[in-house]
Amino acid sequence: MRKKTQKWMRMLGVAALTAGMLTGCGTKAAESQGGGAAADSAGSKTTGESAASGESVASQETELSSEAVIRAAAGDGKVGNWGLGNEYEVLALLAKYDLPVEYLSQDFTMDGFDDDSITLASAMTYNELGLVKNDYDGGYGYGDTIGIIDMNDEGVAMMEDNIFCTKAFAAENPETVKAFLYASLKGWEYAVANPQEAAKICYEAGSSVSQEHQSYMADEVAKLASTDTKGNTVTDIGNMDDDAMQQTLDIAKQYVTLDDEAANTAFQSLTLDDIRDKTFIEAAKSSDGTFKPEKTEVSIQLKWLPDAQFMGYYVADALGYYKEVGLTVNIVSGGGDIAETTAVNNGTVDFGVTWETNLASADAGGMDLVEIAQIFQRSGLVLVYKPENF
Amino acid sequence: MAQKRKRKKRLYQRIRENKRLQSAETVVLPVMLGIAIFLLWQGGIVHQWFHTDVFTLPLPTKIGSIMGDNIDKILENTFSTVSVAFIGLALGCILGYLFAVLAAVFPRIGSGGLGIIGAFASIPVVALAPVMNNWTRDLSKEASIRSMASKIIVVMLISAANMSLNAYRGLTEVKPFSEDLMAIYTTKKRVVLWKLRIPNSLPYVFIALKVAVPSSIMTAIVSEYFAEYITGVGRQIRENIVLAQYATAWAYIATACIIGVAAYVLLMVIQGLTLRRYH
């Protein structure tokens, strides 16, 4: 009995020691973070002073900054992106200023930006940018102190979220495709007009993020779906703009290198007509809303976790638009390493949401995919920086 | 009668008893199995069994041709993965063994401490890798160096846990009579450790290595997913799958297999040379 208690005491002792060591590390880290925060506030103070010293200087600074910031960050090797097919706009931007096309791999948090290991970090306007700016749960609370470089302004925008399916599915089920597009676009139109209501619908449909972040996202996604790369308002939701899509394909051809020789050759010879089909969206737009779908139960694979990035589909489902055209739609969540192109190509799901580059490279590799609508009309990628770092 | 027996021997027994043929058999059968799998794969039968297509499971010839075309790039990534795996493995094994010796010398603290080390072994790499990324952030200005350090630390922790648990068994589970003999000679603790415990632990070290070598390669590959600096076989697999380039991804998967098999064969050879006197 005594021996046993002794043993337990010893175990406890060792456990306490390790726990002590671990918490020790924790406080140290917290301290250093605190120090960092102090330095930050000092930094913002100096910028405040410089701003006060003269407005003309400040405006000159902001005008200069975009290129200067990119050059400085690239010189330090502190430009960040997630990679995995998200990096081509950043590569094109670096190449535009004749800088080495290299970047740091960013994880799915903005901690690297927060602790300055990445001084020019990638962010999607509707997600990470909100976390950096806002101070709700999970946010970093930088407010408007941060600087933003927009890929659309820099002329390297690439087209993101679209709707696609396989060419074979589209050929066999044209009415289903038209009906799905009709209802989905109706959902998107409603969501763009009423983003806050759409955010609520997404949140109730099993959102992956907080309600506050969801409503921020909905506002930003609405902007992406209704503004083109030049900043003009788009009323024609889902339109496949030739110039924007061609620009995407051109940049992709320049910066995507496929190691598979056959696929690479196929990729370089792709044209817009190989990867998109306008007939379905035209038919859907001119339709009166009655369809005879060949397949009534369909599914759509999202590119990421369920949130307002995909609000159009949730709205169409919640408001019964899919039911009106005779469809039952199953919205399949994505995330992490879900390859939406593969899921659609092998028939696990009928429709999918992906980016034009992913679709083009998948087709070059031998898949049979076709884009049927372009939801986001402009790039949602921005680079964020803290002005005090430059 | 005699003739009958002779004929029987000719037909079957002679083959059975021929030592040369027997040893040839151990080589020929696995090779034949390999060829059979290759043919089934190349012929598309495997695809039928698994209800898949040549797109998601590319043909071996296609994988081979991509490996041939990109040999430089593959070697570069292999070097990065292998150096992380082996440096981490070496450091981890030394650390783990030292810990096991400490635990064997001070058994009271040691047995409890080993429990905690064991808990380390069961932390998933996906949880450990981002933590180490943050920890090594201030280590160097060069992303390639700090990211390599963070990967090495992850591999080190996983292999250290493996090694210390096994080595501790080898150091403590000595034959009772040898322990008694040492007691009769009133040998010092230090000498018992040096002459009895450490030699006794050697086979256990190899048991640990048999697990630690493949797991160090696996850990290196997985931690590449999270690394700041983009390099390595694992990262290439992921990048290519996202772009739906399965044939290229499979070329890197095959590379990972080759690294694993080569490391295991190397380990077996070293074990054969080192443990000769134990058999």
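Results, tabulated for the structure shown:
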quantity: Helical segments meeting 24 Å axial Cα length and Kyte-Doolittle 0.0 threshold in chain B (DSSP H); calculated: B:19-42, B:71-105, B:143-172, B:198-226, B:246-274
quantity: Ranked list, fewest to most other Cβ atoms within 10 Å of each Cβ, for A:Asp317, B:Asp72, A:Asp107; calculated: B:Asp72, A:Asp107, A:Asp317
quantity: Charge dipole (the protein assembly as shown, unit charges on Cβ, about Cα centre) - positive-most of A:Pro174, A:Val315, B:Ile237; calculated: B:Ile237
quantity: Eligible aspartates and glutamates near B:Lys73 by straight Cα distance, threshold 15 Å, same-chain separation 8 or greater; calculated: A:Asp259, A:Asp260, A:Glu261, B:Glu239
quantity: Lys, Arg +1 and Asp, Glu -1 on Cβ, resulting dipole of the protein assembly as shown about Cα centre, debye, nearest 20; calculated: 7720
quantity: nm² value of the averaged projected area, convex hull over the Cα atoms of chain A; calculated: 25.4
quantity: Distance histogram for region B:60-278 (every C-alpha pair counted, 10 angstrom bins, percent rounded to whole numbers); calculated: 8, 28, 29, 20, 10, 4, 1
quantity: Antiparallel %, DSSP beta bridges [both residues in the protein assembly as shown], to 5; calculated: 60
quantity: Mean shadow area of region B:158-279, taken as a quarter of the surface of its Cα convex hull (nm²); calculated: 9.8
quantity: Cα centroid separation, region A:149-227 to region A:250-321 (Å); calculated: 11
quantity: Of A:Leu272, A:Ser286, A:Cys165, farthest towards positive along the dipole that unit charges on Lys, Arg, Asp, Glu beta carbons give region A:162-374; calculated: A:Ser286
quantity: Among A:Gly187, A:Gly238, A:Gly77, residue whose mean-square fluctuation peaks in a GNM of chain A (springs only between Cα atoms under 10 Å); calculated: A:Gly77
quantity: Virtual spin-label span in nm between A:Ser299 and B:Phe38, 7 Å along Cα→Cβ; calculated: 3.8
quantity: Sorted by Cβ neighbour density within 10 Å, fewest at the top, the residues B:Phe38, A:Phe180, A:Phe310; calculated: B:Phe38, A:Phe310, A:Phe180
quantity: Highest to lowest packing among B:113-122, B:77-86, scored as the average C-beta count within 10 Å; calculated: B:77-86, B:113-122
quantity: B:Ala183-B:Leu266 FRET efficiency (beta carbon distance; Förster radius 35 Å; 0.05 resolution); calculated: 0.30
quantity: Separation in nanometres of the label points that stand 7 Å from Cα toward Cβ, at B:Ile123 and B:Gln13; calculated: 6.4
quantity: Hull volume in cubic angstrom per residue (convex hull over the Cα atoms of the protein assembly as shown); calculated: 248
quantity: Cross-link pairs beyond the 22 Å C-alpha cut-off, checked among B:Lys19/B:Lys210; A:Lys78/B:Lys151; A:Lys223/A:Lys253; A:Lys133/A:Lys186; calculated: B:Lys19/B:Lys210; A:Lys223/A:Lys253; A:Lys133/A:Lys186
quantity: Only Lys, Arg (+1) and Asp, Glu (-1) charged, at Cβ; region B:60-278 dipole about Cα centre in debye; calculated: 820
quantity: Equivalent ellipsoid semi-axes - Cα gyration tensor, region A:138-280, angstrom; calculated: 30, 23, 15
quantity: Computed FRET value (nearest 0.05) for A:Ala171 with A:Thr271, which takes r as the C-beta separation and R₀ as 22 Å; calculated: 0.70
quantity: Calculated Rg and Dmax of region A:162-374 using C-alpha coordinates, Å; calculated: 16.7, 48
quantity: Rg [Å, one decimal], Dmax [Å, integer] - region A:291-349, C-alpha atoms; calculated: 12.2, 36
quantity: Separation in nanometres of the label points that stand 7 Å from Cα toward Cβ, at B:Glu173 and A:Leu99; calculated: 5.8
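Taken together, the values in this text are just the output of simple stated rules run on the coordinates, not laboratory data. Only a predicted model underlies this, so the values are computations on that prediction, with no experimental measurement involved. Ideal geometry is used to build each Cβ from the backbone, glycine not excepted, and the neighbour counts take in all protein chains shown.
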